[in-house]
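The values are calculated or read from the model by the stated rules, or taken from the named source; none is laboratory data. What you are looking at is a predicted structure, and each value in this text was computed from that prediction instead of being measured. Counting neighbours? That spans all protein chains shown, and the Cβs are built from the backbone with ideal geometry, glycine included.
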Amino acid sequence: MAATPQTDFLDKLGEYRYGFSDPDVAVFKTRKGLDGEVVTQISAMKGEPQWMLEFRLKALEHFQARPIPTWGADLSRLDLNDIYYYVKPAEMEGRSWEDVPETIKQTFDRLGIPEAERKFLAGVGAQYESEMVYHSIQEHL
C-alpha cells in the first residue's frame with residue numbers, strides 16, 4: 001500500500017496510550033438490546049420517578065421510529081441488539097477514594113489522573129461505565 005498523507009500521519013502517532021480494557025467487574029447489566037422492558041429496568045435500577053420513565057419510553061419510541069443514519073460513518077454493520085445499554089460497575093457510590101473498587105482505581109491510574117487531583121480537588125466526581133463511583137465535595141465549600 002502506497003503511503004498517503006493520512007497513513008503517514010497515522011504512522012507518526014505511535015501506539016494509542018489509552019488502548020486498554022478492564023475486566024468486567026459489573027455488579028449488574030441489562031440483557032443486550034433495547035426495548036421498553038430494558039428501559040423500565042434501567043429506570044427502576046436508578047430509582048427514577050414515573051415521569052422520567054415515561055419520558056424515556058417516549059424517547060425510545062422516537063429512537064425506534066428513525067432509520068440508522070446513512071450520512072457520516074458507515075453504520076450498516078452496527079448491531080444495536082448486541083449492546084448492553086446499562087452496566088452498573090459498583091454496588092454503591094463511594095464517599096471516599098478508599099471506597100472505590102481497586103480495579104476502578106487502577107483505571108484512573110492508567111489514565112494518568114494524579115492521586116493529588118483525586119484526593120484534594122473540591123467537587124470531584126469519578127464516573128465509570130456511566131455511573132458515579134466516587135463523589136466528594138470539600139467541607140469548606
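Listing for the model above:
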| item | result |
| --- | --- |
| Residue 60, sole failed condition from (1) under 29 Å from residue 100 (Cα atoms); (2) surrounded by 13 or more Cβ atoms within 10 Å (Cβ to Cβ) | (1) |
| Residue 33 vs. criteria small (Gly, Ala, Ser) and at pLDDT 75 or above | yes |
| Unmet criterion (only one of (1) without any contact (Cβ under 8 Å) to a residue 12 or more places away in the chain; (2) surrounded by 10 or more Cβ atoms within 10 Å (Cβ to Cβ); (3) closer than 30 Å to residue 103 by Cα) for residue 79 | (2) |
| Residue selected from region 70-99 under the condition over 18 Å from residue 60 (Cα atoms) and in a helix (DSSP H, G or I), by the criterion modelled with the lowest pLDDT | 97 |
